[in-house]
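Accompanying notes for the structure given below.
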Amino acid sequence: MSSSRRVRLITLVLCSALLGATVFAQVSRPYRNGSVWSITFIRVKPGMTEAYMSYLAGQWKATQEALKKEGMILSYKVIDTEGHSPTDFNLMLMTEYKDMATMEANEQKEEAVATKIVGGDEQMMKGYRDRTEIREIIGERLAREVILEPRPQ
């Protein structure tokens with residue numbers, strides 16, 4: 001390859017790199033990712049609201065508070081809503097995590113905290129069976145909060 005051709009090739013590569021860097025630097029989004037929410041949609045069976053709320057205010061809340069104290073979750077919420085049909089959810093259980101990576105990294109630690117509060121596998125399975133009498137899990141979703149501000153520079 002001749003030296004003039006080599007110079008043109010190097011110039012082209014450098015110009016492309018500078019143009020690419022300029023375009024990359026100009027990408028500015030008016031939003032950024034926020035925390036991640038794990039949401040469970042629950043249908044509390046008719047006449048069982050008090051029984052399920054007792055469970056939530058007791059064992060479920062104790063577990064959430066322990067996870068929060070350990071820094072594994074940021075917050076949690078219980079949202080009461082109207083069901084639009086007899087098979088629709090009427091309660092949402094929401095747990096907030098810093099981000100997806102934190103949520104996934106702490107799965108085993110979360111299980112250990114729950115085991116301390118609830119007991120071993122046998123007690124957990126009994127609790128699941130007992131709660132099927134008073135509620136039904138309609139579904140679960142992961143959702144990411146979107147903050148309508150650019151990422152701080």
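The values are calculated or read from the model by the stated rules, or taken from the named source; none is laboratory data. Just so we're clear, the structure is a prediction, and the values are computed from it rather than from any experiment. Because the Cβ atoms are built from the backbone with ideal geometry, glycine has one as well, and the counts that use them run over all protein chains shown.
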| Check on VAL13, at pLDDT 60 or above, out of contact with any Lys or Arg (no Cβ under 8 Å at 6 or more places or on another chain) and surrounded by fewer than 11 Cβ atoms within 10 Å (Cβ to Cβ) | no
| query | Of all the residues that make up the range 68-106, how many are part of a loop (DSSP other than H, G, I, E, B) and either under 21 Å from ILE117 (Cβ atoms) or small (Gly, Ala, Ser) (or both)? | reply | 8
| request: Within the range 65-115, track down each residue that is within 20 Å of MET53 (Cβ to Cβ), hydroxyl-bearing (Ser, Thr, Tyr) and touching a residue at least 24 places away in the same chain (Cβ under 8 Å). | output: THR95
| query | Taking the condition in a helix (DSSP H, G or I), of a type in the set (S, T, N, Q) and either touching a Gly at 6+ places or on another chain (Cβ under 7 Å) or at pLDDT 95 or above (or both), does THR63 pass? | reply | yes
| Which ones in the range 71-130 are among the acidic types (Asp, Glu), over 22 Å from the mean Cα position of the chain (by Cα) and over 22 Å from VAL44 (Cα atoms)? | ASP121, GLU122
